[in-house]
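The values are calculated or read from the model by the stated rules, or taken from the named source; none is laboratory data. Since the structure is predicted, the reported quantities are computational estimates derived from the model, not experimental observations. Virtual Cβ from ideal backbone geometry, glycine too; neighbours counted across all protein chains shown. Just so you know, the surface numbers come from the protein's heavy atoms only, side chains and all, with ligands and any DNA or RNA stripped out. Shrake-Rupley method; radii C 1.70, N 1.55, O 1.52, S 1.80 Å.
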Amino acid sequence: MELFFNPFDNLVCILLGISFTVWFTLLLVFIIVPAIFGVSFGIRRLYMKTLLKIFEWATLRIERGAKEKNHPLYKPYSNAIIAKEPTSLEEEIKEIRRSGSNRDLDSAPEFEMSDIFYFARRGVESIMDDEVTKRFSAEELESWNLLTRSNNNFHYISLRLTVLWGLGLLIRYGFLLPLRVTLAFTGVGLLVVLTSVVGLLPNGRIKNFLSEKVHLMCYRICVRALTAIITYHDSENKPKNGGICVANHTSPIDVIILASDGCYAMVGQIHGGLIGVIQRSMVKACPHVWFERSEVKDRHLVAKRLSDHIEDKTKLPILIFPEGTCINNTSVMMFKKGSFEIGATVYPVAIKYDPRFGDAFWNSSKFGMVNYLLRMMSSWAIVCSVWYLPPMSREGEDAVQFANRVKAAIARQGGLVDLLWDGGLKRGKVKDTFKEEQQKLYSKMLVDNDHHNWSPD
């Protein structure tokens, strides 16, 4: 049978071959090779500066258009509760009693029906201005970043902005997303293959050296897959072997952000699927600390494994996120005390993302991992600052006090709100101990035995 070849088909194949060749050559020259040697051409920072100028122009256009059209959606408003000076439970109840009756306030304390209004008011205030649940939703922006997350109505305000939004959509999904997906698969693929190969070598300096280089190279490729622009501060305080690195937690990519500037031993539960494949290959080249599902709740076993690791000064520092869940990068919530009971030197690290370029927060109750990663790869960029704080050790304090001191230092450096609440409230109910604490305060006020404020003359 005679075969007929269409010249047009041959031309298409040739053009596709040339396109793929050029594509991967550009990736190799401008991204993969610089990642291997840890250098940058400054393209990402130039890209960030260009985006900032575009955002400023778009914001000015919005303000001008809103002013000209007197658009009701864009009038300035505020729904925040005006903050009051903090007062104690006793002072507030005394104020309520004073305004409600003429009874002598210095008489013997006893329960009054008006006291109920204090707890009712505090409950309503907590609902209106809940400082906990709002930490588990995306951070609000003051200006539009050409992403529909900010405000779906912004791109309807003028024709120019609509065109600009459409062009941005085309760039993000038509160019940036395919590029980033390619880089992500390249970085993860190299990590699995190369760590498995390094794992075949006998333990020693050569294996450790190659393992560190492989991890750094692969993480740097993954960082470029997010167009991450990271500024590291105070590198002289970087974690050292035999210590524990603790950081505030916003996203799963926190690991990549930190590991692209230094190697760490990861701690976590063993998973199945693709994550399990990555974990098994990584542990061949580097002594990461993985736990079986049945072992995670055994605090003594976990502490023993961590202690054994940090006692060996040849092993990498352990990376831990003590909050135990992702917070939206506006605050730091309660640190679990487990990693602070071991007695090791703690190296605090503060991570602060710039939400103007993309929302790094992972709302796990709303988005699955794949959906979240696609959102990250279709955003403009991931821009963040990382501060390495001086090492800290326990100074005659228990683990909880030490954890709070480290948390306060991280919050202060990162410009975050320091909260005492447990991040577990993201999925659970308020513990009874919090309720009991308020009950004890009220009871103490009524039956104060030290004759302070409420004792009769």
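For Thr21 and Ser393, FRET efficiency with R0 = 56 Å and r from the beta-carbon atoms, rounded to 0.05?
Working from the Cβ atoms, E equals 0.50.
Pulled fully out, how much extra length does the chain show between Arg412 and Thr162, if you take 0.36 nm times their separation in residues and subtract their Cα-Cα distance?
Full-extension gain reported as 86.0 nm.
From a point 7 Å beyond the Cα of Leu170 in the direction of its Cβ, which residues of the stretch 28-60 have a backbone N at a distance under 19 Å?
Answer for this model: 51, 54-55, 58.
Highest first, please rank the peptides 325-334, 51-60 by the mean number of other Cβ atoms sitting within 10 Å of their residues.
325-334, 51-60
For each pair in Lys352/Lys407; Lys238/Lys315; Lys238/Lys336; Lys336/Lys407; Lys213/Lys240, compute the distance between the two Cα atoms and list the pairs where it is over 19 Å.
Lys238/Lys336
Expected output is a single nm value to one decimal: the length gained when fully extending between Val29 and Thr50, i.e. 0.36 nm times separation in residues minus the C-alpha distance. What is it?
That works out to 5.3 nm of additional length.
Where a ≥ b ≥ c are the square roots of the eigenvalues of the C-alpha gyration tensor, would you call the stretch 241-335 rounded, which needs a/c under 1.5, or, failing that, prolate if a/b is larger than b/c, or oblate?
Rounded is the answer for the stretch 241-335, as its axis ratio a/c remains below 1.5.
Read phi for every residue in the stretch 160-170 and hand back ³J(HN,Hα) as whole Hz from Karplus 6.51 cos²θ - 1.76 cosθ + 1.60, θ = phi - 60°, with x for Gly and Pro.
Calculated HN-Hα couplings, in order: 4, 5, 4, 5, 5, 4, x, 5, x, 4, 5 Hz.
Whose amide H sits under 5 Å from the amide H of Cys245, counting only residues 5 or more places off or on another chain, with H placed in the peptide plane?
Answer set, sorted by chain and number: Ile318, Leu319, Ile320, Tyr347.
Between Phe209 and Met369, 0.36 nm times their residue separation minus their Cα-Cα distance comes to what?
Gain on extension, Phe209 to Met369, equals 54.4 nm.
Accessible area of the stretch 244-387 with a 1.4 Å probe: how many percent of it is carbon plus sulfur?
Of the solvent-accessible surface of the stretch 244-387, carbon and sulfur hold 58 percent.
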